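The values are calculated or read from the model by the stated rules, or taken from the named source; none is laboratory data. Everything numeric in this text was worked out from a predicted model, so none of it was measured. With ideal geometry, Cβ positions are generated from the backbone for all residues, glycine too; neighbour counts draw on all protein chains shown.
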Amino acid sequence: MTSLKVITFDLDDTLWDNSGVMARTETGHYGWLLDNLAVWLEERRWPPWRLDVDQGLEDYLQRRKRLAQEVPERRGDFTWLRLRALEAQLEAQGLPRSAATLWAAAAMNEFHRLRVQVTPHPEAAELLADLGQRYRLAAITNGNIHLKRQPLAGYFEVAIAAGELLAPKPDPTAFLTALERFEVAPQNAMHVGDSWEEDIVPALRLGMHAVWISEERHDALPKGVHRIGHVRELRGVLAALNSPY
Ligand SMILES: [Mg+2]
């Protein structure tokens, strides 16, 4: 029998399937930028933009990778990397700095608008509402989704973007921050996530319970780790933990 008080959740690929959203967001915000910029350049009779969508996206990606190497403490802050990479690309294409800053910010605004259009698993809202009656809940993500605008935001008392703390998971900082906010010891807390490296390893190191969402079967998981195939199975894990037998 454990006295579990806090449950922390990873978001992407834990409470929703993220793959389609990222692909749509990536091409969507960049396409938006090129479309709107083309009109703006034409109105000013400035030379047109020279990169097509594919070339532009590739250049944008390479710039982010280089920046992450040059400024390693920001490597997990994806919003910052994107903003700086877009500004640099726009300047390299001949825009004055002031216009580059403005257009990069506008494109990132569009990025965030698209990025929050995630569809939580159908069971997620009810599950979190139920769990919220018994436990205090937090979200801990490495993703750069807008934490207040994501569709399940209302269920979390604490929400932490680990990349913006400059300490992306598996760094323990985000977990420790959540435990500290709730004033709870790690053994009274559980983390639920899909990444072995980023979610399960750091939670275990701190002595938290860990629920790994993975479709792979594993015979010998370390003590304290429970594997489920989908977040809807979480209630079963909690029932077993709370059972006196
Ligand atoms: Mg995840």
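Quick rundown of the values:
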{"quantity": "Scope the range 179-208; condition within 12 Å of PHE9 (Cβ to Cβ) and either within 16 Å of the ligand (Cβ to nearest atom) or not assigned by TED's automatic domain parsing to the domain that holds ALA138 (or both); matching residues", "calculated": "MET190, HIS191, VAL192, GLY193, ASP194, ASP199, ALA203"}
{"quantity": "Hey, ARG217 in contact with a helix residue (DSSP H, G or I) (Cβ under 8 Å, 6 or more places away or on another chain) and away from the ligand (no atom under 16 Å from the Cβ) or not", "calculated": "no"}
{"quantity": "Qualifying residue in the range 64-71 (condition: among the polar types (S, T, N, Q), under 21 Å from the mean Cα position of the chain (by Cα) and outside the structural domain of GLY163 (by TED's automatic domain parsing))", "calculated": "yes"}
{"quantity": "Residues of the range 186-223 classified as in contact with a Lys or Arg (Cβ under 8 Å, 6 or more places away or on another chain), assigned to a loop (DSSP other than H, G, I, E, B) and hydrophobic (A, V, I, L, M, F, W, C), total", "calculated": "1"}
{"quantity": "Qualifying positions in the range 1-21 - within 12 Å of the ligand (Cβ to nearest atom) and touching a Phe, Trp or Tyr at 6+ places or on another chain (Cβ under 7 Å)", "calculated": "LEU15"}
{"quantity": "Set LEU102, LEU114, LEU128: member being assigned to a helix (DSSP H, G or I), surrounded by 15 or more Cβ atoms within 10 Å (Cβ to Cβ) and touching a Lys or Arg at 6+ places or on another chain (Cβ under 8 Å)", "calculated": "LEU114"}
{"quantity": "Residue in the range 62-74 that is surrounded by the most Cβ atoms within 10 Å (Cβ to Cβ), counting only those that are closer than 19 Å to ALA105 by Cα and touching a residue at least 24 places away in the same chain (Cβ under 8 Å)", "calculated": "ARG63"}
{"quantity": "Some residue of the range 45-61 being over 20 Å from THR27 (Cα atoms), in contact with a Pro (Cβ under 9 Å, 6 or more places away or on another chain) and not β-branched (Val, Ile, Thr)", "calculated": "no"}
{"quantity": "Candidates ALA203, ALA220, filtered to the one that is aliphatic (A, V, I, L, M) and either under 17 Å from ASN142 (Cβ atoms) or under 20 Å from the mean Cα position of the chain (by Cα) (or both)", "calculated": "ALA203"}
